[in-house]
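Every number here is computed from the coordinates shown, using simple stated rules; none is lab data. From a predicted model like this one, the values you see are computed outputs, not experimental measurements. In this analysis, Cβ positions are derived from the backbone assuming ideal geometry, glycine residues included, and neighbour counts consider all displayed protein chains.
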Amino acid sequence: MRLIHSLSLAAAFALAACGNNADEELTDEALSAEEVGAAMNDNGTMLQPGEYTTSMELVSFEMPTASSIDMEALQAAFEEGAANQASFCATEAMDRESLISAMTDNSCDITRITAEGNDLDLAMTCDAEDGPQGRITLAGTMEETSADLEMQFSQPIEGIGDADVTARISARRTGDCS
């Protein structure tokens with residue numbers, strides 16, 4: 001079961017920029033491939049091709065409209081889903097957008113990106129039938145064989161309301177793609 005979908009299935013279900021409010025500049029308009037490529041090719045580190053194992057840790061789960069009983073059950077379900085590991089294959093042909101979509105097992109369009117060396121800060125809109133939908137932010141580091149990112153998103157949960165979720169995602173290269 002894939003990483004993000006594990007969270008969504010378990011619950012019925014990336015750090016905003018440090019020191020500024022980057023979401024004020026955020027739009028739901030996708031950047032063109034040229035805009036994403038130009039930002040990444042100049043300064044951003046990409047994962048080497050290969051098989052990667054991803055893990056997730058739930059950092060926070062808030063849902064103002066849920067009762068305490070709902071919250072306990074929903075948080076437990078999200079934590080259970082986060083405990084599942086997943087894997088993906090990074091290929092040389094992948095651009096940043098397809099790499100992030102593979103890592104999060106989602107169909108995403110990058111809407112804001114800043115990459116300098118190993119530091120990565122981006123926002124995207126995603127449309128997974130059984131995973132996070134809408135605006136998601138990711139920030140952290142991406143090196144040649146690993147990534148450590150914090151993801152933030154708001155996930156609608158039918159009959160209860162929106163959950164504000166923060167999770168840490170780690171990806172580690174485990175070998176060549178099979």
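Run the numbers for Glu57 and Asp176: contour at 0.36 nm per residue of separation, minus the present Cα-Cα distance, in nm.
40.3 nm
Using +1 at the Cβ of each Lys and Arg and -1 at the Cβ of each Asp and Glu in the stretch 80-155, identify which of Ala102, Ser146, Ile113 lies farthest towards the dipole's positive end.
Of the candidates, Ile113 comes out farthest on the positive side.
Could you give the dipole magnitude of the stretch 115-178 about its Cα centre, charging the beta-carbon of Lys and Arg +1 and that of Asp and Glu -1, in debye to the nearest 20?
The calculation lands at about 120 debye.
As an exercise, identify the GluC sites (Glu not before Pro) in the stretch 47-133 lying in DSSP coil whose Cβ has no more than 14 other Cβ atoms within 10 Å.
Glu92, Glu129
Using the Karplus curve 6.51 cos²θ - 1.76 cosθ + 1.60 with θ = phi - 60°, work out ³J(HN,Hα) for each residue of the stretch 45-53 in order, rounded to whole Hz, and write x for Gly and Pro.
Along the stretch 45-53, the couplings run 7, 10, 5, 5, x, x, 8, 10, 9 Hz.
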